[in-house]
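The values are calculated or read from the model by the stated rules, or taken from the named source; none is laboratory data. Every value quoted in this text rests on a predicted model; they were computed, and no experiment measured them. Here the Cβ positions follow ideal geometry from the backbone for every residue, glycine too, while neighbour counts run over all protein chains shown. Please note that ligands, DNA and RNA were not included when accessible areas were found on the heavy atoms of the full protein model with its side chains. Shrake-Rupley method; radii C 1.70, N 1.55, O 1.52, S 1.80 Å.
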Number of protein chains: 2
Amino acid sequence: MDKLRAIKLFVKLANLGSFTKVAEQTNTSKSMISKEIGRLEDDLGARLLHRSTRNLQLTHVGEGYLQRAIEILEKLDDADNFVSDLQHNVRGKLKINAPMALGITDLSVLFADFMHENPDIELDIHLGDESVDLVEQGFDLGLRASSRAIDSNYVGKPLTRFTYKVCASPEYLAKHKAINLPQDLSEHNCFVYSYFQGKDVWPIEDGVAVKGNLKVNSTLFMMDAIKKGLGLGFIPDFVCQKMIDSGEVVEVLAEANKPRLTLYALYPARHFVPTKLVKCIRYLEDWFKENKSL
Amino acid sequence: MDKLRAIKLFVKLANLGSFTKVAEQTNTSKSMISKEIGRLEDDLGARLLHRSTRNLQLTHVGEGYLQRAIEILEKLDDADNFVSDLQHNVRGKLKINAPMALGITDLSVLFADFMHENPDIELDIHLGDESVDLVEQGFDLGLRASSRAIDSNYVGKPLTRFTYKVCASPEYLAKHKAINLPQDLSEHNCFVYSYFQGKDVWPIEDGVAVKGNLKVNSTLFMMDAIKKGLGLGFIPDFVCQKMIDSGEVVEVLAEANKPRLTLYALYPARHFVPTKLVKCIRYLEDWFKENKSL
DNA sequence: ATATACTGTTCTCAATATGGTGACAGTTTG
DNA sequence: CAAACTGTCACCATATTGAGAACAGTATAT
């Protein structure tokens, strides 16, 4: 028995004062109203209203119950509205996790624009490359680079593709042996990124073991070392491209086979995504479509 | 969809943190819980909790909804308890309507005893012989004398049977013509009771037209006039019996056919009767069983 | 007075919704 | 690497449901 509907009908009945009118107003049959009210009375174990053929009269019990029923329905409406607000309102917090390097480069300008367009959305951005559990940490969105499929608990929207480039400063290259094949790297000072899955193997062609005197968890830090001519780095293109374009660093082994990764926007829910989040993801997609060749 | 049950299950789920445990505790299947929560989420248009295989995590929405849901359930409990209290509690008011004459004679002692036994029941007794609508006036109980069937809106418990007696004082009878047949009454001073259905026809045998110089809406007032030897009265036996026994008045036409009426306890509801009322009706039944021959 | 219209209730029956079973995909644990 | 567990999904017999008509009763209209 759907007690809630029964209560709603009871309140309506108390207002309209007629089973028939309630039936008309709700597009149902009299019999249904009668049954439903009867069921509610059964459930409560008390009569809510006296039916005399022409007049309905609330019982003592009915009067008290009516009052409480109205409050209950109000509370329910409240709860529904609360959800709806949180869902459809663009206001609200958005807790986002993103890779450090990406955050410092592209995302900083991207989200600056986004915040300008959506002043009511509050951003809470955690930059970091440690693998965190988005759900456990309560993140609404995570930006992840991946070459493989994504954890099945998440939906992943592909945003852009990127690759890595082996970078060095012109000065470094001039002072050291030429690099023509991936294997040549083993005799150079190759910086290692702390969180890199393969540790000290760069995924060029079949993988090249490298070694070097710098290990750091920031590709930007690494870039500065590269620019100073200290060594080579295996750097995402969104970090190094500008410096390559400006000539500060140069790419080596450009023709070698390197993994192409996809940047995903990850969000945990399947059915219902808050509009603020939808808006954010759309923005990400559009931004990368405009600014990058996917 | 039974939203209420869904809400209950959601609250349980939030507490236990596992679909399976909820299923066990409610003696249902996991699938049912899953479905029901899913339905609630559909209805709300938002996801209430993130399911990762090992941990359930409330959504922002879920947290807010949980809080509200708990309040709603409390309110519902409140409402139910309110009804239950009013229903099962012996405390409370009892608004009773009864015929004036009966009230002054038997009921006064009866209810004195009843109140003594049930100090927590508050009585609100309206004595009067006008026909009142019990429901409209908000009476819990009405005592009615009737020879015919009762209004179908009410349940009527028969309490006792009674009849009427033609009474006169010995002095009156000594001074006037003898009364041997009903027709003889037409030559006597016969008092008329104001609310009597047949007005000035006494329902003896086939009915006897009478006339007299007193019309009053109280059989007790009438009794006093009779005792003084002013005339004859058609009096309920519960009013006149004692005086007949004591010899103050005597009955005439004792053998004539007079209507036997039944005193009913009338109460409006069919399904649910508050226990205080049940108790009162039981008391009435018992009292009349002991003190009168039905 | 009598007829009519309208009240709420009850009955039956078809249609819908429901909840349990078992399989499933995916994880964590031993 | 197997086993035990998570929540979800599809299937299907079952139960509940709600509409419609018949009903009993009462007030209004004629």
*Answer residue from region A:59-79, given it is closer than 21 Å to residue B:93 by Cα and open to solvent by less than 50 Å² (accessible area, probe 1.4 Å) and is farthest from the chain's Cα centre (by Cα) among those*: A:59
*In this structure, is residue B:124 within 14 Å of chain A (Cβ to nearest Cβ) and not in a strand (DSSP E or B)?*
no
*Is it true that residue B:209 is over 18 Å from residue B:98 (Cβ atoms), open to solvent by 40 Å² or more (accessible area, probe 1.4 Å) and not polar (S, T, N, Q)?*
yes
*Write out, first by first residue and then by second, each pair whose Cβ atoms fall under 6 Å of each other, whose residues are 6+ apart or on separate chains, and whose first residue, in region B:156-170, is closer than 12 Å to residue B:252 by Cβ while the second is among the small types (Gly, Ala, Ser) and open to solvent by less than 10 Å² (accessible area, probe 1.4 Å).*
B:167/B:233
_Need pairs with beta-carbon distance below 8 Å; first residue farther than 18 Å from residue A:236 by Cβ and within region A:175-195, second in a helix (DSSP H, G or I) and open to solvent by 30 Å² or more (accessible area, probe 1.4 Å); sequence gap 6+ or separate chains._
A:177/A:184; A:177/A:187; A:178/A:184; A:179/A:173
*asked:* For the structure I just gave you, tell me whether residue B:82 is surrounded by 18 or more Cβ atoms within 10 Å (Cβ to Cβ) and either at pLDDT 90 or above or away from DNA strand D (no atom under 16 Å from the Cβ) (or both).
replied: no
*Give region A:172-206 a look and list any residue that's of a type in the set (A, V, I, L, M, F, W, C) and under 15 Å from residue A:101 (Cβ atoms), or say none.*
A:191, A:192, A:196
*Please specify each residue of region B:12-52 satisfying the condition of being touching a residue at least 40 places away in the same chain (Cβ under 8 Å) and open to solvent by less than 20 Å² (accessible area, probe 1.4 Å).*
B:13
_region A:217-242, residues that are within 24 Å of residue A:128 (Cβ to Cβ), of a type in the set (A, V, I, L, M) and over 28 Å from the mean Cα position of the chain (by Cα)_ = A:222, A:223, A:225, A:226
_Need a quick list: strands (runs of 3 or more DSSP E) entirely within region B:1-110 having at least 3 residues that are within 16 Å of DNA strand C (Cβ to nearest atom) and at the interface with chain A (Cβ under 10 Å from one of its Cβ atoms)._
B:49-52, B:55-58
_Given (1) at pLDDT 90 or above; (2) touching a Ser or Thr at 6+ places or on another chain (Cβ under 7 Å), number of the condition residue B:50 does not satisfy_ = (1)
*Report yes if residue B:218 is within 21 Å of residue B:107 (Cα to Cα) and hydroxyl-bearing (Ser, Thr, Tyr), otherwise no.*
yes
*So which residues in region B:132-183 are of a type in the set (A, V, I, L, M), open to solvent by less than 70 Å² (accessible area, probe 1.4 Å) and not in a loop (DSSP other than H, G, I, E, B)?*
B:134, B:135, B:141, B:143, B:145, B:155, B:159, B:166, B:168, B:173
*Of the conditions (1) farther than 18 Å from residue B:269 by Cα; (2) surrounded by fewer than 18 Cβ atoms within 10 Å (Cβ to Cβ), residue A:99 clears all except one; give me its number.*
(2)
_Matching residues, region B:247-272, being crowded, with 20+ Cβ neighbours inside 10 Å and over 26 Å from residue B:167 (Cα atoms)_ = B:265, B:266, B:267, B:268, B:269
*Single match in A:15, A:27 (criterion: in the same structural domain as residue A:69 (by TED's automatic domain parsing) and within 8 Å of DNA strand D (Cβ to nearest atom))*: A:27
